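Student: Quick one: the structure is below, and I'll ask about it shortly.
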Amino acid sequence: MKENNSFDIAVIGGGPAGMMAAGRAAELGAKVVLIEKNEILGKKLLITGKGRCNFTHNEFDIRKFAEKFGRNGRFLYGALALFGVGDVIDFFKSRGVKAKVEQGNRIFPEKGNAQDILNVLIKYLAEKKVHILLNTEVIGFKKERGKISQILLRDRQICADKFILCAGGKAYPQTGSTGEGYRWAEQLGHTVIPPVPALNPVKTPEGWVKELQGLSLKNVSLKLFQNDKKQDERFGEMLFTHFGVSGPIVMDMSKKIGALLKNDPVKLILDLKPALDFKKLDKRIQRDFQEFKGRMFKNSLKRLLPLSMIPVIIKLSAIEPNRQVDHLTREERNKLVHLLKELELTPTGLLGFKWSIVTSGGITLKEIDPNTMRSRKIENLYFAGEILDLDGPSGGYNLQECWSTGYLAGGNAAKGH
């Protein structure tokens, strides 16, 4: 048996990818150490899905799943084929945590508690006798003859035959994701695609947005334009905040907004009634006005809009709130229809890594073997999780990428042990 600072495999980073990689490697007989700088494992995992942990997505077709990661998605074929959505669901179910599918095909633990997911992983690590080092900061690596020989900690060194780097990205640095992994990878000869925030809230300057802080809209459509050309379109849920807009459809569009803003201004067009075209919405408004005949305009919109939104729409329409609806002109009604179908917002920037769910960019995939997750530069180094140049939309995609790449890396690193 190797002594306590010498292992078959050392895993750096105790997030979802690191825990899965360490557990899988140990399951196959390797002596594994998992090194985490925080005081607990899975710190970021606990806040995912607002603490409910949207741990995968209800899409079993590997190609369709991978497509959501854009042009880099094909890299995931091997990892998803080995340990895909169904395997992840079974992994947690066999350990007492059933999955449930919610709106938008997002998959959560049945009781909606991230701690349940973390508890399964911690128990998995304990059962497989993974040696866990918490509050342990990695300083760097010692490389000899094209291989890593040691991990350098503040107070000692750890030797291992193989190393799996799962140090995460730069998103949500409050949880310890501060980007050191990129620096180590570069020192070891790897190329890093510059990291930028993805799945990020968006800042807008419109004063009326602040008045709607906390309002969540469902089943709305959001279009992104630059120079009058449509760049993206999403349908679903969004949220107004004190700084701008957030929620799934905004987050999913944020990376593109950030990239486009480097060149020219952009605008967002919000359609509050995407199920109705202009004509049908006009008829619907006419029916409502007929029903509210003799009443004031400000009291005639409650069936059309959330209550907190009515004063904002009235103000933007410039229609006198105390006018009787019977006296509204066709032009005024037309203005209202256009407001509901084409409410304009002006993004000025993203909120940044501090509020970002994932990182876009990272270790370039050309330098990693997708069938093993092994480095093409250092023969005993593997990668998994958010540190890779892979990011998908909200809805459980990014956690699935961590489970799949972690499982693949752990399994391949353990071969021969």
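Student: Enumerate the pairs (first residue in region 306-323 and surrounded by 14 or more Cβ atoms within 10 Å (Cβ to Cβ); second residue anywhere and of a type in the set (D, E)) with beta-carbon separation below 8 Å, excluding pairs fewer than 6 apart on the same chain, so at least 6 apart or on different chains.
Tutor: P311/E211; V312/E211; S317/E332; I319/E332
Student: Any residue in region 17-29 that is out of contact with any strand residue (DSSP E or B) (no Cβ under 8 Å at 6 or more places or on another chain) and without any contact (Cβ under 8 Å) to a residue 60 or more places away in the chain?
Tutor: For region 17-29, residues out of contact with any strand residue (DSSP E or B) (no Cβ under 8 Å at 6 or more places or on another chain) and without any contact (Cβ under 8 Å) to a residue 60 or more places away in the chain: absent.
Student: Could you list, in sequence order, all residues of region 308-339 that are assigned to a helix (DSSP H, G or I), within 22 Å of L270 (Cβ to Cβ) and β-branched (V, I, T)?
Tutor: If the condition is that a residue be assigned to a helix (DSSP H, G or I), within 22 Å of L270 (Cβ to Cβ) and β-branched (V, I, T), then I310, V312, I313, I314, V337 are the ones that fit.
Student: Mind checking which pairs have a first residue in region 64-93 that is modelled with pLDDT of 95 or more and a second that is of a type outside the set (D, E, K, R) and exposed (fewer than 15 other Cβ atoms within 10 Å of the Cβ), Cβ under 8 Å, 6 or more apart or different chains?
Tutor: Within 8 Å, the pairs are G78/N371; G84/F60; V85/F60; G86/F60.
Student: Something else about it: Would you say G146 is small (G, A, S), buried (at least 16 other Cβ atoms within 10 Å of the Cβ) and either in contact (Cβ under 8 Å) with a residue 24 or more places away in the chain or in contact with a helix residue (DSSP H, G or I) (Cβ under 8 Å, 6 or more places away or on another chain) (or both)?
Tutor: Values: small (G, A, S): yes; buried (at least 16 other Cβ atoms within 10 Å of the Cβ): no; either in contact (Cβ under 8 Å) with a residue 24 or more places away in the chain or in contact with a helix residue (DSSP H, G or I) (Cβ under 8 Å, 6 or more places away or on another chain) (or both): yes.
Taking the combined requirement at face value, the residue does not satisfy it.
Student: State yes or no: is S360 in contact with a Lys or Arg (Cβ under 9 Å, 6 or more places away or on another chain), of a type outside the set (F, W, Y), open to solvent by 10 Å² or more (accessible area, probe 1.4 Å) and assigned to a loop (DSSP other than H, G, I, E, B)? Outline the logic, then answer.
Tutor: Working: in contact with a Lys or Arg (Cβ under 9 Å, 6 or more places away or on another chain): yes; of a type outside the set (F, W, Y): yes; open to solvent by 10 Å² or more (accessible area, probe 1.4 Å): yes; assigned to a loop (DSSP other than H, G, I, E, B): no.
So S360 does not fit the description; no.
Student: A further question on this structure: Go over the candidates L270, L260 one by one and state the one that is out of contact with any Ser or Thr (no Cβ under 7 Å at 6 or more places or on another chain) and open to solvent by 20 Å² or more (accessible area, probe 1.4 Å).
Tutor: Numbers: L270 fails: open to solvent by 20 Å² or more (accessible area, probe 1.4 Å).
L260 is the lone residue from the list that is out of contact with any Ser or Thr (no Cβ under 7 Å at 6 or more places or on another chain) and open to solvent by 20 Å² or more (accessible area, probe 1.4 Å).
Student: Condition first: open to solvent by less than 60 Å² (accessible area, probe 1.4 Å) and outside any strand (DSSP E or B). Now tell me which residues in region 227-251 satisfy that. Quick ask: steps written out before the conclusion?
Tutor: Initial filter on region 227-251 (open to solvent by less than 60 Å² (accessible area, probe 1.4 Å)): 231-232, 236-241, 243-251.
Residues satisfying the conditions are T241, F243, G247, P248, I249, V250, M251.
Student: Just to verify a result, which residue in region 176-216, among those that are open to solvent by 50 Å² or more (accessible area, probe 1.4 Å) and assigned to a loop (DSSP other than H, G, I, E, B), is farthest from L350 (Cα to Cα)?
Tutor: Only one residue fits best here, namely T191.
Student: Out of R284, R303, which single residue is loosely packed, with under 14 Cβ neighbours inside 10 Å and either more than 30 Å from K256 (Cα to Cα) or aromatic (F, W, Y) (or both)? Working first, answer last.
Tutor: Details: R284 fails: loosely packed, with under 14 Cβ neighbours inside 10 Å.
None of the other options fit; the residue is R303.
Student: Restricting the first residue to region 36-49 and requiring it to be closer than 16 Å to L125 by Cβ, which pairs with a second residue that is acidic (D, E) and at pLDDT below 95 meet a Cβ separation below 7 Å and a spacing of at least six or different chains?
Tutor: Matching pairs, first to second residue: none at all.
Student: Are any residues in region 81-117 over 18 Å from the mean Cα position of the chain (by Cα) and part of a helix (DSSP H, G or I), and if so, which ones?
Tutor: Within region 81-117, A81, L82, G86, D87, I89, D90, F91, F92, K93, Q115, D116 meet the criteria.
Student: Something else now. Being aromatic (F, W, Y) and in a strand (DSSP E or B) is the filter here, so list the residues in region 127-175 that pass it. Explain how you work it out, then say what you get.
Tutor: Keep residues of region 127-175 that are aromatic (F, W, Y), which gives 141, 163, 172.
Residues satisfying the conditions are F141, F163.
Student: More than 24 Å from D161 (Cα to Cα) and open to solvent by less than 40 Å² (accessible area, probe 1.4 Å) - does that describe any residue in region 57-65? Outline the logic, then answer.
Tutor: Narrowing region 57-65 to residues more than 24 Å from D161 (Cα to Cα): 57-65.
Then drop every residue that is not open to solvent by less than 40 Å² (accessible area, probe 1.4 Å), which leaves 57, 65.
Within region 57-65, one or more residues are more than 24 Å from D161 (Cα to Cα) and open to solvent by less than 40 Å² (accessible area, probe 1.4 Å).
Student: Does E110 count as open to solvent by 30 Å² or more (accessible area, probe 1.4 Å) and free of Cβ contacts under 8 Å to residues at least 24 places away in the same chain? Explain how you work it out, then say what you get.
Tutor: Working: open to solvent by 30 Å² or more (accessible area, probe 1.4 Å): yes; free of Cβ contacts under 8 Å to residues at least 24 places away in the same chain: yes.
Yes; evaluated as a whole, the condition is true for this residue.
Student: Pairs under 6 Å by beta carbon, first residue touching a residue at least 12 places away in the same chain (Cβ under 8 Å) and closer than 15 Å to D87 by Cα in region 397-417, partner in a loop (DSSP other than H, G, I, E, B) and open to solvent by less than 20 Å² (accessible area, probe 1.4 Å), six or more apart or different chains?
Tutor: L399/F55; E401/L390; S404/F83; T405/M373; T405/A384; G406/A384; Y407/F83; L408/M373
The values are calculated or read from the model by the stated rules, or taken from the named source; none is laboratory data. Note that this is a predicted model, so its numbers are computed, not measured. Cβ: placed from backbone, ideal geometry, glycine included. Neighbour counts: every protein chain shown. Note: accessible area is taken over every heavy atom of the protein model, side chains too, but ligands, DNA and RNA are not part of it. Shrake-Rupley method; radii C 1.70, N 1.55, O 1.52, S 1.80 Å.
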